1. Considering only segment 44-111, give the strands (runs of 3 or more DSSP E) lying wholly within it that have at least 2 residues that are of a type in the set (S, T, N, Q) and either farther than 14 Å from residue 26 by Cα or touching a Phe, Trp or Tyr at 6+ places or on another chain (Cβ under 6 Å) (or both).
2. Return only the number of the condition from (1) over 15 Å from residue 111 (Cβ atoms); (2) in contact with a Gly (Cβ under 7 Å, 6 or more places away or on another chain); (3) buried (at least 16 other Cβ atoms within 10 Å of the Cβ) that residue 61 does not satisfy.
3. Can you pull out the residues in segment 83-109 that are under 17 Å from residue 17 (Cβ atoms), surrounded by 14 or more Cβ atoms within 10 Å (Cβ to Cβ) and not polar (S, T, N, Q)?
4. Go through segment 1-30 residue by residue and tally those that are more than 15 Å from the chain's Cα centre (by Cα), modelled with pLDDT of 85 or more and surrounded by 13 or more Cβ atoms within 10 Å (Cβ to Cβ).
Amino acid sequence: MSRLASMMGPLGAAALLEHAGETITYTPSEGDAASISALVNRETLQVRGPDGSARLEYVVSIAVRRADVATVTTGGDTVALKLRISDSSTTTLTVTSIISQDGAMWELGLN
């Protein structure tokens, strides 16, 4: 069971997505794009390159309902979302990992 579903229960998770979720575009590797609601976790990391210079990298994961995303193909499915809340346009990222899953929710890593 995902951390979110275990904390909220199936009805609570759906309500949380409805009120706190962001609209993203989920495109399965074999299928049509769909606008769905997701909880987006954005983490900014400062990384040093080999030359010692610092740059920012963004680590993004999403939590979506299995009712909205029936199956996941890592390396094939994509998600379009705002990388930063202040962005005026979306960035398309690839689903790279299934962090957790249960009967109600997927938690997916993006890159």
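The values are calculated or read from the model by the stated rules, or taken from the named source; none is laboratory data. Note that the coordinates shown come from a computational prediction; the quantities given were computed from them, not determined experimentally. Cβ sites come from the backbone with ideal geometry, for glycine too, and all protein chains shown count toward neighbours.
1. By residue number, 91-101.
2. (1)
3. Result: 99, 102, 104, 105, 106, 107, 108.
4. Going through segment 1-30 one residue at a time, the tally reaches 1.
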